[in-house]
Structures are given as C-alpha cells and as structure tokens.
Amino acid sequence: MAQVDQAGKPGPTTTHITISDGALIPDKGEGSFFSAWRISFFGALGLVVLLPVLSPDPYLNILRFLPDGILRTFQVTLISIFFSLIIGLITGLGRISRNVFINRLATVYVEVIRGIPLLVQLFYIYFALGRFLSLDRMVAAILAMSVCYGAYMGEIFRAGIQSIPKGQMEAALALGMSRRQALQLVILPQTMKIILPPIGNEFIALLKDSSLVSIVAVSDLLRRGREYAATTFQYFEAYTMVALIYLVFTLFFSKLVALMEERLDHSGR
Amino acid sequence: MADRIRITNVSKSFRTVEAVRNASLTVQTGQVVLIIGPSGSGKSTLLRCVNRLETATSGEIWIDDQLVTDPKGNIRQIREEVGMVFQNFNLFPHLTALQNIALSPRKVKGIPRAQAEERARVLLTRVGLAEKEDSYPDQLSGGQQQRVAIARALAMDPKVMLFDEPTSALDPEMIKEVLDVMLSLAAEGMTMLVVSHEMGFARAAADLVVFMDQGEIIETGTPEQLFDSPKEERTRRFLKHIL
Ligand SMILES: Nc1ncnc2c1ncn2[C@@H]1O[C@H](COP(=O)(O)OP(=O)(O)OP(=O)(O)O)[C@@H](O)[C@H]1O
Ligand SMILES: [Mg+2]
C-alpha cells in the first residue's frame, strides 16, 4: 500500500511516501477559493453551527449530548495511535531485520493482521478472547485498534527506512558504527521526516475507524449519537450531526497533514 | 617499509557474476595506490572488500596485523581505522557539516561533544571549509560536500583511506579542490587506495597504478611504467580509450 518515489537529484532531494487508500488529502494545486476541501469543510462546519442556531430542538440538544463521545473518540484514537506507532516501529525494524526468525515473525504479523477486517479483529479480541481473559471494553478496543494499525504503521516504517539511499547505511558502517547505531543516528532521523505525512493519514483513518468501537459499547461519538437517537427516535437528526462532526474533524486533520507535507517538501531536510 | 594492506588471492562473486577474481595487491605504509579499469571491472568491489562492505568469497585481506576477512574478527574496530570516501559523498543530510564530522568520533569513540566538535572545526579548516560548519549538505556544492566527506573520514584518525571515484560525480571546476585535499593527504604520508581515472593525480601522487579488467588485476606498475609503456595489450587498449 505504501509506495515510495524519489525526486531527482541534485539539490534538495525530497522523498514522498504516498498512501493510495488513505484519507482524502487535499492537493497542493487545489488552491482556489472554491476548492473541494473548502466547500466540504466550511459546508460541514457551517451546518454544525447553523443547524443548532436555526433549529435548537433537536440540533442544539444533540450537540449538547455529543461532547462526551467526541472526547472518548479522541481518547481511543490518540492512545491507539501511540501504541500503533510503537508496534509499527518494532514491526518495521523486524521487517528489515537480517535475523530470519524476527523477520518472519514481523512479516507474518503484518500479513495476518492485514488479512483480517478490523471489525472482526475487534470482535475477536473482545468476544472470542473475552472468554478467557475478560478485558475491559476500552482496553479491548484500544488493543484491537493498536494491533491492527501497528501492522500498517510497520509497513510505513519499513517503506520509509528502505527509501533511504543505501549509501547512508554504508557510510555509517564505514565510519565504524554498528548497524544499530546507524539505524538510530542516521537512518531513522531521516525516515521520520518522510513518514510523517503517511502517519498523519493513518491517524485520520484511525479516527474514522475508531467508530467501530461503538459496537463493543464504548461510548464514542457514534455510540452517543445512537443513544440519543434511541431515546428520541430522531435518527435522521442525530446521525446527521454525528456525520458532520466526523467530517469536520477528518477534513481539518487532512488539511493539517497536507500543510505539513508541503512544509517538509520545501524545507529540504 | 611495512605492508599496511595485504590482499591475497581475493575473489568475490555475486550470485552469477564473479566481480573480483583472485586479486593480490600489497600497499605499503604511506603509499598511494591507484586502481583503474573499465566500468564493471571490479574496482569498487575490490575496494569495498577492504573494509568489508563486501565480504570476500575467498582469499585474505590484512590491514597491519588484523585479518579483515576473518568472519569472527571485530570488523567495527577495523573500520574505525579505515576511512572511506564515496562517489556520491553520502553525507548525512539531516546533520550540518560539523555534525557530520563529529558524529562518529562521539558515538563510536565516545569523545565528548565539545572536543569532537573542536576537532571537526580543525578538519573543516583543513579542507578549506571553516565557514561552512553550520551548512547542511544540500546547501553545499558537490566539491564542498566531498571535502566534508573527506574530513568526516579523517575525524576517526584512520591509518588507511579508501576513495571510490571521489571526483567522478563532480563538475569539472570542482574536481581540483577535491584532488588538492587528496594530494595534501598523500604528501602527509596517508596510506591511500584510490579508484580514479584522474591522470594528473596519478602522476603527481601515486606510487603504484593497478589496472583491472573483468575482475582481474592485469598489470601493476609505477604511473610512468603503466601509462607510458604498458606491458599488456588490454592495458594499452584501455589507456587509448581514456587518454
Ligand atoms: N551488489 C551487487 N550485486 C550483484 N552484482 C554486483 C554487485 N556489485 C557489483 N556487481 C557486479 O560486479 C561487477 C563489478 O562491479 P564493480 O562495481 O566492482 O565495478 P567497477 O569497476 O567499480 O565499475 P564502475 O567503474 O562502473 O564503478 C559488475 O559486473 C557488477 O554488475
Ligand atoms: Mg565502481
């Protein structure tokens, strides 16, 4: 899924990793006032503000009901991203390891996890494993998200590390560094810059996928919307607000990732 | 004079290609030895076997009393004493010139930062780049980058320097500044093994010139012998090409 391309030399060499099936990232070229991003973002934001103003019942009530869920959604997302980054770094290093056992282990993990839908993994950890170890639903949710996204992060780390020209490792080794030192001091610092945008994309994807945890009764944004709808039977209104709020957040973060990508492109290092 | 590098019957194969075939070569302390030959003749491979960036398939390489080709040997310790300069410089792009030079002394030798940076400044001055210490590689010209790369290798106080076509990625007007640094190194008695086709440098600094073709060392001699009266037909043909 991660594809790597390197721009021409000489001068500042910039390397991108683009994730083809990630979130919608605005194009740099789309600078016009009526860009698709602006229409969607300000449209959604406008509705989130206007609907409660124009029609406080039920929209203001819904808006008052949701913040707990928004907090929970971000809590799940941020904690899961944190652990998936750690798992991803370890997996990425494992994928390039010359130790056959470690290499296979990391590769099998990636293959297995990527082959199972996240929802199934979530069910598996919460309900199936729940028979043996009774996990708190938040813990189960975060575990499932971290383990799943860790595999994708692992591929990003691997692609990032492998996009660094071979000469960098050789120069470091020739100076007497160990492979470990070379990775830590030379390769990974360069990798970080390259993988920041794809990691941003994964963050957005995870933010959206975190809505799956509502199924194991974690009261995230979606779950709160559903709870509201279930008591008031205002399904249309409740889910409209939920959808708009997701949209505002994902579009906002997409823009942030795009800006970050642009800045990294221009800074050259 | 003592032998510094002793290469005996070294071969190196990559799957189907035999890149180096039964090469033997001795470089004495303080000598400058130049390797020439057509593209694909195994020059880089032979050079890279000397610090084990490539592992020789057979044969032995000694640096002083250390056996480089010993699979159980401490290759890192040997590499500390063998500097290498690459065709594409391979500076670390996320570090300034000064940091590039000071990194390895700090992390490999454990020299305190202040001391390593002070030494790095001395080396930068020596390669004529004192005012560039805070520049990142992409802010330097090719010639300047290569001089920083030489300073970076020298920072480990190597007793041998390997150069793999150090000037062939450079614009013509920058070649001299790099060769001048190499000439001064040679004059100070550094032992150097250099893959290059710079005839001027060869005549000015080389004690020996080695001609390789198809993985084999075909002929070895002083620059005068090899360039002016080569013994082998293949050497003659190659020289006609590049002169
Ligand atoms: N890592 C490798 N894997 C497979 N084959 C290789 C590898 N490195 C070199 N070779 C092959 O070994 C042979 C010698 O290559 P080498 O780079 O040593 O030649 P060279 O004399 O340095 O050439 P050039 O002047 O083009 O740099 C070539 O046929 C090359 O294709
Ligand atoms: Mg070569």
Which of (1) open to solvent by less than 10 Å² (accessible area, probe 1.4 Å); (2) within 16 Å of ligand 2 (Cβ to nearest atom) is the odd one out, the single condition B:ARG48 does not satisfy? (1)
Scanning region B:4-32 for residues that are more than 19 Å from the chain's Cα centre (by Cα) and among the hydrophobic types (A, V, I, L, M, F, W, C), which turns out modelled with the highest pLDDT? B:PHE14
Inspect all residues belonging to region B:59-70 and state whether any of them is within 13 Å of chain A (Cβ to nearest Cβ), in contact (Cβ under 8 Å) with a residue 24 or more places away in the chain, surrounded by fewer than 18 Cβ atoms within 10 Å (Cβ to Cβ) and not in a helix (DSSP H, G or I). no
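Can you tell me how many residues in region A:43-76 are under 23 Å from the mean Cα position of the chain (by Cα) and under 17 Å from A:PHE253 (Cα atoms)? Can you show your working first?
Going residue by residue through region A:43-76, those that are under 23 Å from the mean Cα position of the chain (by Cα) are A:44-45, A:66-76.
The next check asks that each one be under 17 Å from A:PHE253 (Cα atoms); those that pass are A:44-45, A:70-71, A:73-76.
So the answer is 8.
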Considering only region B:174-197, state which residues are within 14 Å of chain A (Cβ to nearest Cβ) and within 16 Å of ligand 2 (Cβ to nearest atom). B:LEU193
If I filter region B:42-58 down to residues being within 11 Å of chain A (Cβ to nearest Cβ), away from ligand 1 (no atom under 12 Å from the Cβ) and part of a loop (DSSP other than H, G, I, E, B), which single residue comes out as farthest from the chain's Cα centre (by Cα)? B:ARG52
Of the residues in region A:84-107 that are without any contact (Cβ under 8 Å) to a residue 24 or more places away in the chain and open to solvent by less than 50 Å² (accessible area, probe 1.4 Å), the one that is farthest from A:TYR152 (Cα to Cα) is A:SER97
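Does A:GLN162 satisfy the condition of being within 14 Å of another protein chain (Cβ to nearest Cβ) and either surrounded by fewer than 23 Cβ atoms within 10 Å (Cβ to Cβ) or more than 20 Å from the chain's Cα centre (by Cα) (or both)?
Details: within 14 Å of another protein chain (Cβ to nearest Cβ): no; either surrounded by fewer than 23 Cβ atoms within 10 Å (Cβ to Cβ) or more than 20 Å from the chain's Cα centre (by Cα) (or both): yes.
Spelling it out, it is not the case that A:GLN162 is within 14 Å of another protein chain (Cβ to nearest Cβ) and either surrounded by fewer than 23 Cβ atoms within 10 Å (Cβ to Cβ) or more than 20 Å from the chain's Cα centre (by Cα) (or both).
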Determine if region B:148-159 includes at least one residue that is closer than 23 Å to B:ARG76 by Cβ, without any contact (Cβ under 8 Å) to a residue 40 or more places away in the chain and within 12 Å of another protein chain (Cβ to nearest Cβ). no
Would region B:165-173 turn up any residue that is more than 9 Å from chain A (Cβ to nearest Cβ), of a type outside the set (Phe, Trp, Tyr) and under 27 Å from A:GLN184 (Cβ atoms)? no
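The values are calculated or read from the model by the stated rules, or taken from the named source; none is laboratory data. Computed from a predicted model, the values in this text were never measured in an experiment. Virtual Cβ from ideal backbone geometry, glycine too; neighbours counted across all protein chains shown. These accessible areas exclude ligands, DNA and RNA; they are computed on the full protein's heavy atoms, side chains included. Shrake-Rupley method; radii C 1.70, N 1.55, O 1.52, S 1.80 Å.
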